[in-house]
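All of the numbers you see were taken from the coordinates with simple rules; none came from a lab. Note that the coordinates shown come from a computational prediction; the quantities given were computed from them, not determined experimentally. Cβ placement follows ideal geometry from the backbone for every residue including glycine, while neighbour counts extend to all protein chains displayed.
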Amino acid sequence: MFLFICLFLAFVATACTAGRACKPFPPSMLEFSAQFEQPKPPLVNPEFKTNFIQHKWNENVSHITAGFIYNSPSQGLVRVDHAYEGGLASSSFNYSNVTDAGLVDNTVTTFLGSSEKTEVWRGYVNSNFPLFLESILVESGAIFTGLAKRDLVTEWTASWSIMYQGVIPVTVYVNGCNNVVGYDYFTPSERTRVVTEFFSTTAGAVRI
């Protein structure tokens, strides 16, 4: 785990500046500009792979994980390969199989440092990793909540607030290339907060 974190931090500096430049946001999106107009939510690039780091916390847990996310609406899948304290995991979320309560079919393969073999678990979960459809902001009636800076990308991002599944307040961050570069949310019933930051994101078809 220590080696993974060292490698992760070593690559952040270059990853944050990688990729082509995106178009700047217009003055009409500056909150206190005389030219401000409420923008319409954009379509986002739905197929992508990205590096990420996520921190989830509440009164009972503080959990930090980092790794790679593969987002593919065409396959109905999100795959997350990540490392956390004491273990490695690959988690597949099948959004083609969701319960009426919004629980997602999840298969997790884990390898713990104290074990000599992998373990596989399957069940239905409240996913920390949503499937980003091209029209997720449009269909959710997203509200523009201002331009924002994220820690792991150099450019400004547009923040959009939605009610995910109609019950979870989520803020989605989108850059000038219409790439999702992170999201934050909280669940009032569990008093849980989750912050997820993307970097070195590549848009385009992915195979899961």
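Calculated from the structure at hand, Cα extents along the principal axes in Å is found among (1) 62, 43, 37; (2) 72, 47, 32; (3) 142, 77, 16 as (1).
What does the C-alpha gyration tensor say about the overall shape of segment 134-174? Classify as rounded when a/c is under 1.5, otherwise prolate if a/b is larger than b/c, or oblate. Can you show the working numbers first?
Details: a/c = 2.36, a/b = 2.05, b/c = 1.15.
Note, shape of segment 134-174 comes out prolate.
Taking segment 152-184 and a reference point 7 angstrom along Cα→Cβ of Ser33, the backbone N atoms nearer than 20 Å belong to 154-161, 173-179. Since only Ser189, Ala21, Phe129 are under comparison, the one whose Cα sits farthest along the positive direction of the charge dipole of the chain, derived from C-beta charges on Lys, Arg, Asp and Glu, is Ala21. Modelled this way, with points 7 Å down the Cα-to-C-beta line, the labels at Val120 and Asp81 are 1.8 nm from one another. Rounded to the nearest Hz, the phi-derived 3J(HN,Hα) couplings of segment 162-167 under the Karplus curve 6.51 cos²θ - 1.76 cosθ + 1.60 (θ = phi - 60°) are 9, 9, 5, 6, x, 9, where x marks glycine and proline.
Can you give the calculated 222 nm mean residue ellipticity of the chain, where each DSSP H run of n ≥ 4 adds -39,500 (n - 2.57) and the sum is split over every residue, rounded to the nearest 500 deg cm²/dmol? It would help to have the intermediate numbers written out before the result.
Working: 2 runs with 18 residues, N = 208.
The helix contribution divided over the chain gives -2500 deg cm²/dmol.
The mean sequence distance of close C-alpha pairs (under 8 Å, at least 6 residues apart), as a share of the length of segment 2-203, puts its relative contact order at 23 percent. In this simple spin-label model, placing a label point 7 Å from the Cα along the Cα-to-Cβ direction at both Asn58 and Lys149 gives a separation of 3.3 nm. Highest mean first, the peptides 52-64, 192-204, 29-41 sorted by other C-beta atoms within 10 Å per residue fall in the order 192-204, 52-64, 29-41.
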